[in-house]
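Here it is: the structure, laid out below.
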Amino acid sequence: MNKNDPGFFEQVFEVVKRIPNGRVTTYGAIARYLGSPGSSRMVGWAMNQSHFSHEYIPAHRVVNRKGVLSGKHHFDGPDMMAELLANEGIEVENDQVIDFDRYYWDPIKELGL
DNA sequence: ACGTTGACCTATA
DNA sequence: GTATAGGCCAACG
């Protein structure tokens, strides 16, 4: 219960910060990596707090299972998320990642358990 | 301590 | 294939 107490948020931040450039992952994948496959929604909440975090959290690299930029509206601008992804070479159209399967980065598969 | 919320996911119709 | 409903768990007010 010290100040280093790693809550769900901290764990999510650690994983999100580990996402390579030009790659994207899903909330469920992160939740599953943390051992809570049903806490996919909590990951989204953690992203919400990411704006308050002093660390850089590439939340734009986190999308839903369909590859849709579900949280684009939470960014500074309406299309800020798409711009950031496009800046990393990820093709985004109609608020959806093209070839999402190609850019998909699974923490469990990459980082392992 | 309780009720609501939330950037989701899966299942069923 | 699209639409709707339910579940899920942790943080917030």
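What follows draws every value from the coordinates through simple rules; no lab data is involved. Model, not experiment: these values are computed from the prediction. Cβ: placed from backbone, ideal geometry, glycine included. Neighbour counts: every protein chain shown.
Residue-wise test of (1) in contact (Cβ under 8 Å) with a residue 40 or more places away in the chain; (2) out of contact with any Leu (no Cβ under 8 Å at 6 or more places or on another chain).
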{"position": "A:9", "(1), (2)": "yes, yes"}
{"position": "A:42", "(1), (2)": "no, yes"}
{"position": "A:52", "(1), (2)": "no, yes"}
{"position": "A:61", "(1), (2)": "yes, no"}
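Being out of contact with any Lys or Arg (no Cβ under 9 Å at 6 or more places or on another chain) and at positive phi is the filter here, so list the residues in region A:83-99 that pass it.
Correct list: A:89, A:94, A:99.
Is it fair to say residue A:101 is surrounded by 14 or more Cβ atoms within 10 Å (Cβ to Cβ) and not hydrophobic (A, V, I, L, M, F, W, C)?
no
Can you name the residue in region A:15-44 that is within 6 Å of DNA strand B (Cβ to nearest atom) and part of a helix (DSSP H, G or I) and is also surrounded by the most Cβ atoms within 10 Å (Cβ to Cβ) among such residues?
It comes out as A:27.
Being in a helix (DSSP H, G or I) and either within 11 Å of DNA strand C (Cβ to nearest atom) or loosely packed, with under 14 Cβ neighbours inside 10 Å (or both) is the filter here, so list the residues in region A:45-63 that pass it.
Result: A:45, A:46, A:48, A:49.
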